[in-house]
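Here it is: the structure, laid out below.
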């Protein structure tokens with residue numbers, strides 16, 4: 001048998017099978033039929049407009065379990081504000097013969113989490129007052145297990161009890177770092193900035209929830225990271241254990257940041273390290289910067305976002321969004337330091353080395 005993998009293409013999930021003995025992949029089409037969302041008695045699912053990014057795992061009983069982001073439409077006059085909800089389903093697949101891959105349907109299709117308001121901002125908190133200038137996120141669920149327990153790490157925004165947005169953010173020294181002199185100078189600069197309003201509502205976070213064995217919500221946990229006054233978007237959460245440490249990676253864009261000297265050409269992969277899955281996390285390389293790209297977004301070599309994966313046999317990742325494979329290369333990770341291996345660009349689509 002080959003290896004199952006899922007990808008996001010446009011706004012629908014597709015499933016592929018990569019053959020391990022042959023240089024080819026088999027395409028099975030969309031995971032969900034348009035009517036699948038109407039099957040469960042789930043009012044959030046019933047109003048789904050798009051399928052956004054997520055992750056998948058092969059369970060111990062041999063089933064494919066998908067986690068993704070259900071996004072509602074944006075129809076403000078009808079009370080729809082593009083709500084994002086972490087969602088799951090079991091994907092039933094079969095290979096009738098060596099040349100055929102078939103999606104036999106889905107089951108256990110359900111919503112998991114759409115924010116609680118306290119740890120993670122809800123769409124109603126962001127837009128319910130009629131001001132649509134905020135950038136609300138609750139997406140990119142990344143599935144991970146530790147000691148038999150199930151978790152989702154995801155992109156979000158801080159809630160009312162975990163450093164909420166607002167002008168009081170400017171007076172919280174924890175969001176600045178550095179000395180008191182630095183804090184006072186930067187605070188004065190931010191309070192006088194023409195982007196002051198957007199800085200005040202910037203409250204991106206990487207969140208974590210624990211799941212029950214049936215993939216329903218078990219508990220809401222405090223954010224692993226937050227980016228108050230900097231950006232609302234720290235995306236594509238990815239976390240894994242390596243050599244006794246937990247490494248957390250995220251992608252972000254200068255076009256969504258409010259920092260001097262950064263513009264829309266700046267693309268980042270940021271990384272953090274901890275002794276445990278739940279933190280506390282410290283920035284890799286002292287600053288968190290692992291990779292940086294500074295290209296015109298219309299350049300053919302421009303790419304977003306980055307994905308880090310440990311070198312484990314059988315581990316692969318494929319992405320397609322009306323583009324070719326982005327470059328893959330080797331990254332050395334040692335404790336709290338990383339370095340790109342010189343001249344380590346891999347073949348197109350290659351993820352592992354011998």
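Rounded to two decimal places and with Rh computed the Kirkwood way over Cα pairs, what is Rg over Rh for the range 246-305?
Numbers: Rg = 13.2 Å, Rh = 12.5 Å.
Reported Rg/Rh (Cα atoms, Kirkwood Rh): 1.05.
So, R0 is 25 Å and r is the distance between the beta-carbons of residue 210 and residue 108; what FRET efficiency does that work out to, to 0.05?
Step by step, r from the Cβ atoms, then E = 0.85.
Suppose each label sits 7 Å from its Cα in the direction of the beta carbon; what would the residue 299-residue 49 distance come out to in nanometres?
Using points 7 Å along Cα→Cβ, the separation is 3.4 nm.
Further question on the same structure: Just for the Cα atoms in the range 22-158, what are the lengths along the principal axes, largest first, rounded to whole Å?
55, 37, 31
For the chain, report the % of Cα-Cα distances exceeding 35 Å. Provide the component values of the computation, followed by the final result.
Values: 14935 of 62481 pairs.
Summing the P(r) tail past 35 Å for the chain gives 24 percent.
Run the simple label-point estimate for residue 34 and residue 100 please: 7 Å along Cα→C-beta, distance reported in nm.
The answer from the label model is 2.6 nm.
Percent of Cα-Cα pairs more than 18 Å apart in the range 94-177, please. Numbers along the way, then the final one.
On the way: 2221 of 3486 pairs.
Counting every Cα pair in the range 94-177, those more than 18 Å apart make up 64 percent.
Report the extension gain between residue 41 and residue 124 in nm, rounded to one decimal, defined as 0.36 nm multiplied by the number of residues separating them, less their alpha carbon distance.
Using 0.36 nm per residue and subtracting the Cα-Cα distance, I get 27.7 nm.
Suppose R0 equals 45 Å; then what is the FRET efficiency for residue 173 and residue 353 from their Cβ-Cβ distance, rounded to the nearest 0.05?
On the way: r = 44 Å, r/R0 = 0.99.
My answer for the efficiency is 0.50.
Measuring from centroid to centroid over Cα atoms, what is the spacing of the range 49-121 and the range 158-227 in Å?
Centre-to-centre distance over Cα atoms comes out at 28 Å.
Hey, what number do you get for the chain at 222 nm if only DSSP H runs of n ≥ 4 count, each worth -39500 (n - 2.57), divided across all residues, to the nearest 500? Don't skip to the end; give the middle numbers.
Values: 4 runs with 26 residues, N = 354.
So the helix-based figure for the chain works out to -2000 deg cm²/dmol.
Which distance in nm do the two modelled labels at residue 180 and residue 276 give, with both placed 7 Å along the Cα-to-Cβ direction?
3.3 nm
Only bridges with both residues in the chain count here: give the DSSP antiparallel percent, nearest 5.
Numbers: 87 of 87 bridges.
Bridges in the chain that DSSP calls antiparallel: roughly 100 percent.
Any idea what angle helix 180-191 forms with the longest principal axis of the chain, computed on alpha-carbon atoms, 0 to 90 degrees, nearest 10?
Between helix and principal axis, roughly 80 degrees.
Does the range 71-129 classify as rounded, prolate or oblate by the C-alpha gyration tensor (a ≥ b ≥ c root eigenvalues; a/c under 1.5 gives rounded; else a/b over b/c gives prolate, otherwise oblate)?
Prolate, because a/c is 1.5 or more and a/b exceeds b/c.
Give the residues of the range 25-62 whose amide nitrogen is closer than 11 Å to a point set 7 Å from the Cα of residue 307 in the direction of its Cβ.
Those under the cut-off are 54-56.
Taken together, the values in this text are just the output of simple stated rules run on the coordinates, not laboratory data. Note that this is a predicted model, so its numbers are computed, not measured. Neighbour counts are summed over all protein chains in view; Cβ atoms, including those assigned to glycine, are modelled from backbone coordinates with ideal geometry.
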